[in-house]
Amino acid sequence: MVGYDKYDSMTSQEKLIAGCLSGVMTKCITQPMDVIKLRSQLLRKPKQKNVTYRVARRIFWEEGITAFWHGHLLGQVHSVLSVSSQFFVYELTTKWFSAFDVSDTIKPVSNFICGTIAGCVQTTLVIPLEVIRVRQMVVKDQYRSVFKGAQAVYRYGGITAFYEGLSASILQMGPQAGISFAVFSFMQPLLLSLFAVCPPEECSGNKHRPQNIVMASTLAASTAGFISKSVTYPLDLVKRRLQFSTHKPNEKYKTPTQAKHLIRCNHIFKCLKYAYKKEGLKGLFRGWTVTVYKAQMTSIFAFTSYEIICFTFREFKSISVNK
């Protein structure tokens, strides 16, 4: 299961590999929703309803189906680093906390703290890649390729431009990861307890059947993704707008219609104030619908694929030991 278990046969290195594979699988599926979410967050106050649908339709007609995977290569690197570092740091911190013999009553609190630490480490590690990726998803031609994108970011804003939105990212991703891991770590074992333990002859290296792990992980991850993203969403909106603050349009490059009039800001509180002033409380949750769907999808695929990959590792290890 996610988190440290002294009886687990997997090593830290194997869990790191599981996190990397999980990151690759997750990003392939969720990238289109990431592009739609980002465009929705950066638009000025829309005049029509059904913003998510209209944004997706405009992307498709103006830029083609491949536009939904703009920044995907960099997104894969970002996803592998994000997911693997989150799970790896969470495993390390829960292992450290286990030395204090934490009681079951306050275990959700310790899981939240461990998840928050994992989220902060992951955010600090990947923020430069995220800034480039965000700009690629909006103005691909101007930030084409990792190296050209990095050069453009540096040219427009210097070295500090790679860390635009870091404060908002840490304030958002720390609690978001903490809530996500805490909810998942509470719900998944609870759901698994409803199923019978897998017989040793059927699951030699695991306690539960794979189909039960998938079902419990999916439900727990979906709930974790919904709650964690909803609670921290305004800061996610601010983070994206901060990450675009030093972007300068260039006439040499094709700029999509939706990218011509973007909302950008330089400070967290100014971003929050602007969003609230223009659209009220609703403005703080622009793009919330697609973001929550994406968060749930990401959470489901990240946690479930991680659990199934770990299940496979344990089974192979158990078979090799028995031989």
Looking only at residues in the stretch 144-158 that are assigned to a helix (DSSP H, G or I) and among the charged types (D, E, K, R), which one is surrounded by the most Cβ atoms within 10 Å (Cβ to Cβ)?
-> K148
Screening L237, L284, L262, L272 for residues that are in contact with a Leu (Cβ under 6 Å, 6 or more places away or on another chain) and either among the hydrophobic types (A, V, I, L, M, F, W, C) or modelled with pLDDT under 75 (or both) leaves only L262
Checklist (1) surrounded by fewer than 19 Cβ atoms within 10 Å (Cβ to Cβ); (2) at pLDDT 75 or above applied to K252, failing item = (2)
Which pairs do you get when a residue that is under 18 Å from F184 (Cα atoms), found in the stretch 91-105, comes within reach of a residue that is among the charged types (D, E, K, R) and in a helix (DSSP H, G or I), reach meaning Cβ atoms under 7 angstrom, with the pair 6+ apart or on two chains?
-> E91/K15
Scanning the stretch 9-35 for residues that are assigned to a helix (DSSP H, G or I) and over 24 Å from Q296 (Cβ atoms), the one modelled with the lowest pLDDT turns out to be S12
Could you identify the single residue in A177, A182, A161 that is buried (at least 17 other Cβ atoms within 10 Å of the Cβ), modelled with pLDDT of 90 or more and over 13 Å from the mean Cα position of the chain (by Cα)?
-> A182
Could you figure out which of (1) surrounded by fewer than 17 Cβ atoms within 10 Å (Cβ to Cβ); (2) in contact with a Ser or Thr (Cβ under 7 Å, 6 or more places away or on another chain) isn't true of I117?
-> (1)
Could you give me the residue pairs with C-beta distances under 6 Å whose first residue belongs to the stretch 206-222 and is on the phi > 0 side of the Ramachandran plot and of a type in the set (K, R), whose second residue is in a helix (DSSP H, G or I) and surrounded by fewer than 23 Cβ atoms within 10 Å (Cβ to Cβ) wherever it lies, and which are 6+ apart or on separate chains?
-> none
Residue list for the stretch 57-108, filter: among the charged types (D, E, K, R) and assigned to a loop (DSSP other than H, G, I, E, B) = D101, D104
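The values are calculated or read from the model by the stated rules, or taken from the named source; none is laboratory data. The shown structure was predicted, so the numbers you read here are calculated from the model rather than taken from an experiment. Backbone-built Cβ (ideal geometry, glycine too); neighbour counts: all protein chains shown.
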